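I have placed the structure first, in the form of structure tokens, so that the comments after it can refer back to it.
Values in this text are rule-based calculations from the coordinates and carry no lab data. None of the values given here were measured: they were computed from a predicted structure. Cβ coordinates were reconstructed from backbone atoms using ideal geometry, including for glycine residues, and neighbour counts include every protein chain displayed.
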Amino acid sequence: MRKANQLLILGSAATLASGAALAGPPVPFDQWSVTNGTVTVDYGGGATCPTGFTCGAALTGDGFFQRQLTDNATGAKYFQTIVTDLGATGSPASLSFADESYVMQGGTTGIANQQRMDSTTPGQGTLTATSVLNMGWAHAAGSPDVDIMQTVSDAATGLTSSMTFKQNRDTNGNATGTALDLDQSIVLDAVNNDKQGFVLRKRDGDLNGTSRDAAVDPPLLPAGATPSDNMSWAATDNIQVVWIGQAVTTTAGSQDKFGYQGYTNFSVTPNATISYFDTASFGDTPGKGGWNWQTTPFGPQPVFP
């Protein structure tokens with residue numbers, strides 16, 4: 001129940017409109033621990049109040065801590081709230097659930113929030129999730145306003161699936177850039193080392209930040225791609241790459257490989273798409289997936305599972 005309620009709080013916080021711009025939480029996250037449900041803050045040397053702040057008396061409970069912080073330099077006041085499981089013991093990164101948030105008083109909208117979940121269910125695998133919000137007054141230049149990561153894994157089936165979502169917003173709360181990563185791998189047959197990998201990376205707006213000219217830039221795909229091996233896009237275009245790799249042992253005992261990679265630019269009409277597939281490999285680098293992979297803006301080259 002504690003987790004469900006806090007997720008509802010987080011969802012509501014994410015709808016807050018943006019306001020004045022500062023940089024992240026007033027003090028760094030994770031400067032606390034919990035013992036049998038009692039939360040203790042420590043800012044170095046046993047200090048219970050961060051340097052440069054005045055701290056009010058804390059309201060506490062089992063797995064709960066809340067107080068007011070006042071910035072001595074600016075006079076800004078914040079509510080600091082920490083929530084974890086009942087009876088929990090450990091540091092924030094080691095707990096099955098940890099949530100820390102800062103809300104500025106005085107009608108200024110926004111929130112600085114970090115939430116972690118780490119849950120293992122026998123027979124159902126492991127779920128880990130981290131979300132960071134720095135919205136409104138907590139907007140940090142160069143960092144996304146919304147940053148969410150989730151991973152599900154199951155050792156019994158060899159399945160690993162992860163999702164990362166980032167979004168920037170302007171002062172009115174409108175999205176100015178989005179980044180979405182979906183990665184999945186599965187072991188089809190551990191004896192024969194048969195496996196499959198899937199990657200989708202999508203970028204738009206100020207979280208794209210790259211541009212290409214098909215007439216002068218190197219090809220994105222090998223010769224033989226359909227309908228061509230290259231594509232243009234502008235720095236704020238909505239672009240996507242999809243890669244699929246597969247290795248499967250046939251009844252004859254040989255292992256067949258299959259690879260696919262495709263790019264789409266959703267910002268042009270009609271949408272532009274190029275793609276390539278290979279029945280002998282799944283990339284141009286041993287142990288990796290993809291051809292001429294563009295780490296900027298799409299991140300690291302896929303690793304074949």
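Quotient of the Cα radius of gyration of the range 61-132 and 2.2 N^0.38 Å, N being its number of residues: 1.36. One entry in (i) 52, 51, 34; (ii) 100, 47, 35; (iii) 71, 46, 32 is Cα extents along the principal axes in Å calculated from the shown coordinates; its label is (iii). Over the C-alpha trace of the range 174-305, radius of gyration and Dmax come out as 15.8, 56 angstrom.
Quick one: check the C-alpha center-to-center distance for the range 236-283 versus the range 126-165, whole angstrom. Going from one Cα centre to the other spans 25 Å. Roughly what would the spin-label model give for Val268 and Leu86, points 7 Å off Cα along C-beta, in nm? Output for this residue pair reads 5.9 nm. The relative contact order of the range 166-245 comes to 29 percent, based on Cα pairs under 8 Å that sit 6 or more residues apart. Largest GNM mean-square fluctuation among Asn168, Asn193, Asn230, using the chain with Cα springs under 10 Å: Asn193.
Using Cα pairs closer than 8 Å and at least 6 residues apart in sequence, work out the relative contact order for the chain, in percent. Result for the chain is 11 percent. Taking 7 Å steps out from each Cα toward its Cβ at Ser275 and Ala57 produces label points 6.6 nm apart.
Pairs of Cα atoms nearer than 8 Å and 6+ residues apart set the relative contact order; for the range 174-305 it is 23 percent. For Lys257 and Ala156, the FRET efficiency from 1/(1 + (r/R0)^6), where r spans their Cβ atoms and R0 equals 25 Å, is about 0.50.
Around the amide H of Ala138, modelled in the peptide plane, lie the amide H atoms of Leu22, Ile111, all under 5 Å away and 5 or more residues distant in sequence or on another chain.
Would you please state which residues of the range 57-96 a label at Thr108 would reach in this model, taking the label point 7 Å out along Cα→Cβ and a backbone N cut-off of under 19 Å? Counting only backbone N, you get 67-81.
The range 71-99 and the range 209-230 have Cα centres lying 48 Å from one another. May I ask for the net charge around Lys166, where only other residues with Cβ less than 10 Å from the Cβ of Lys166 are counted and Lys, Arg are +1 while Asp, Glu are -1? Residues near Lys166 contribute -2 overall.
Residue-normalised convex hull volume from the C-alpha trace of the range 108-254: 143 Å³ per residue.
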